[in-house]
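Take a look at the structure set out below.
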Amino acid sequence: MKHLLRLSAAVLTACLLFACAAREPAPPPAPPPAGPAEGFVRLSRAEAAALAGELDPAGQQLVSWRELAGSLGQSLAYLSSRPAEGQAVQHGGLRLTWGQLRLTAQRLLELLPRLDVEPGLLASEFIWFELRPEPLMTGYYTPLIEASLAPSPDYHWPLYAPPPDLRSVDLGQFQHRWAGQQLVYRLEGDAVLPYFERRRIDGDKVLAGKGLEIAWLRDPWDAYDLQVQGSGYLRLPDGRLQPVLYAGKNGRSFSGLAQPMLDRGLLARGEVNREGIRAALARMAEAQRLELLYENQSYVFFRLADSPPVGSMGRPVTGLVSMATDPAVLPLGSVLPFGAVLPGDRGEPARAVGGIGLAQDTGGMIKGPRIDYFYGFGPDREWRAFHTKTPVRVRLLLHREAAAGLTDIR
């Protein structure tokens, strides 16, 4: 028996290493002789002071910067749980520890009561690093979906809990350069295989009848939308709101639905929102509708919860404050002043917003210099999220006390 276990472990390790080796990226090409700098650029105190003066809490529907205290406290609690000397990020010439980020969040929390009348404190007390080139900002929100905890003719499309054969491994155990990357897989005998894609799960129903169903929805688009957003609320037939939270994914590549529908003339620009896409899908034959959904191989699993939706820190996220980032670029817990032209409420013009965002979430599509801005809950927030696709100027704050010994960068 011990020999068999050792053999199985060896086969698994060999398969993993082979799979990793097969996916190893080619050496990066030589940088071009000219072009915009990539990475973090340290701003002067004068530049930081000018930018601090452009920040306005009203753009985030805050009466005062004091209202950031609750959200900032969530970041601080997360940062306090991380090893102080552990590396939080090394990107674009900037290397920071969790301890440096924790001290930054702590000092900002202490200064919040003074910022309304002394915005210059953000320049005098903190070093500003701007991420270049400008990232792309998109938006996400918390959906509200009609559902039931029992199947019926009206509620027949399942939401699944993570299946027991869904497994993952930290690739950093094999190569340091893969640190933070996860390989999601399943075993079939001694073979290591990718986990089932959406077509196999929803089309071939490979998970049906295994006791994994946690709720039932009216329509496959509702399940798809919930998976894209990552968490939400189920409105049950008796009117109760049931939070449902992200619990895992199948590790497959994500591809969006709106752009292929626009490209094929199946959706008008003005319909790029949850209800517009649902209406466009309803006009199609069922087979065509499902084929479109199956093009996105990514699949998300959920759990019912008693708490509101949380981000990747395992803590509640805040509308118009929380941001999803790639932690390899902008680590969880970082403080991110930003400036962007964002859509107003439905029927209102876009407006310039200068705010203070907090990196509190991640996302399957959020890779590299990319920001996903959390709008919160409600139909107007949904509309704004669907209509956000804009460049954003984003900076990372570091308290000067935390920067002791930091090597200056360009």
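The values are calculated or read from the model by the stated rules, or taken from the named source; none is laboratory data. Predicted, not measured: the structure shown is a model, and the values here were computed from it. A quick note on method: Cβ atoms are made from the backbone with ideal geometry, for glycine too, and the neighbour counts reach across all protein chains shown.
Out of Ala88, Ala161, which single residue is of a type outside the set (Lys, Arg) and within 30 Å of Val192 (Cβ to Cβ)?
Numbers: Ala88 fails: within 30 Å of Val192 (Cβ to Cβ).
Residue meeting the stated conditions: Ala161.
How many of the residues making up the stretch 211-233 are of a type in the set (A, V, I, L, M, F, W, C) and at pLDDT 95 or above?
Adding up the residues that qualify gives 5.
Would you be able to tell me the number of residues in the stretch 198-227 that are out of contact with any Asp or Glu (no Cβ under 7 Å at 6 or more places or on another chain) and surrounded by fewer than 19 Cβ atoms within 10 Å (Cβ to Cβ)?
The total comes to 13.
Scan the stretch 229-249 for residues that are closer than 25 Å to Pro194 by Cβ, outside any strand (DSSP E or B) and out of contact with any Gly (no Cβ under 8 Å at 6 or more places or on another chain) and jot them down.
At the first step, the residues of the stretch 229-249 found to be closer than 25 Å to Pro194 by Cβ are 229-231, 245-249.
Remaining after also requiring outside any strand (DSSP E or B): 229-231.
Residues satisfying the conditions are Gln229, Ser231.
Taking the conditions exactly as written (in contact (Cβ under 8 Å) with a residue 40 or more places away in the chain and over 25 Å from Pro57 (Cα atoms)), does Ala385 satisfy them or not? Break it down stepwise before answering.
Values: in contact (Cβ under 8 Å) with a residue 40 or more places away in the chain: yes; over 25 Å from Pro57 (Cα atoms): no.
Judged against the criteria, Ala385 is not a match.
Looking at the stretch 301-322, is at least one residue of a type in the set (D, E, K, R) and in contact with a Lys or Arg (Cβ under 9 Å, 6 or more places away or on another chain)?
Step one: list which residues in the stretch 301-322 are of a type in the set (D, E, K, R), which gives 303, 306, 315.
Those still in the list that are in contact with a Lys or Arg (Cβ under 9 Å, 6 or more places away or on another chain) too: none.
No, because not a single residue in the stretch 301-322 is of a type in the set (D, E, K, R) and in contact with a Lys or Arg (Cβ under 9 Å, 6 or more places away or on another chain).
Could you list, in sequence order, all residues of the stretch 376-398 that are in a strand (DSSP E or B), modelled with pLDDT of 95 or more and buried (at least 20 other Cβ atoms within 10 Å of the Cβ)? Break it down stepwise before answering.
Filtering the stretch 376-398 for residues in a strand (DSSP E or B) gives 376-377, 389-391, 393-398.
The next check asks that each one be modelled with pLDDT of 95 or more; those that pass are 390-391, 393-398.
Correct list: Val394, Arg395, Leu396, Leu397, Leu398.
Does any residue in the stretch 49-63 that is more than 17 Å from Glu118 (Cβ to Cβ) and touching a residue at least 40 places away in the same chain (Cβ under 8 Å) come within less than 7 Å, Cβ to Cβ, of a residue that is surrounded by 17 or more Cβ atoms within 10 Å (Cβ to Cβ) and of a type outside the set (D, E, K, R) six or more places away or on a different chain, and which pairs are these?
Between residues of the stretch 49-63 that are more than 17 Å from Glu118 (Cβ to Cβ) and touching a residue at least 40 places away in the same chain (Cβ under 8 Å) and residues that are surrounded by 17 or more Cβ atoms within 10 Å (Cβ to Cβ) and of a type outside the set (D, E, K, R), the close pairs are Gly59/Val353; Gly59/Gly354; Gly59/Gly355; Gln60/Leu320; Gln60/Val321; Gln60/Gly355; Gln61/Leu320.
Just checking, does the stretch 250-265 include any residue being more than 24 Å from the chain's Cα centre (by Cα) and either assigned to a loop (DSSP other than H, G, I, E, B) or more than 23 Å from Tyr140 (Cα to Cα) (or both)?
Within the stretch 250-265, one or more residues are more than 24 Å from the chain's Cα centre (by Cα) and either assigned to a loop (DSSP other than H, G, I, E, B) or more than 23 Å from Tyr140 (Cα to Cα) (or both).
So for the stretch 270-286 (the condition being within 23 Å of Tyr375 (Cα to Cα) and not in a helix (DSSP H, G or I)), does at least one residue qualify?
yes
Out of the residues in the stretch 36-76 that are crowded, with 18+ Cβ neighbours inside 10 Å and among the small types (Gly, Ala, Ser), state the one that is farthest from Leu398 (Cα to Cα).
Only one residue fits best here, namely Gly59.
Taking the stretch 67-116 on its own, how many of its residues are basic (Lys, Arg) and more than 23 Å from the chain's Cα centre (by Cα)? Steps first, answer last, please.
If we filter the stretch 67-116 for residues that are basic (Lys, Arg), which is where we start, we get 82, 95, 102, 107, 114.
Still in the list and also more than 23 Å from the chain's Cα centre (by Cα): 107, 114.
So the answer is 2.
Given the structure, is Gly139 under 30 Å from Leu226 (Cβ atoms) and in contact with a strand residue (DSSP E or B) (Cβ under 9 Å, 6 or more places away or on another chain)?
On the way: under 30 Å from Leu226 (Cβ atoms): yes; in contact with a strand residue (DSSP E or B) (Cβ under 9 Å, 6 or more places away or on another chain): yes.
Yes.
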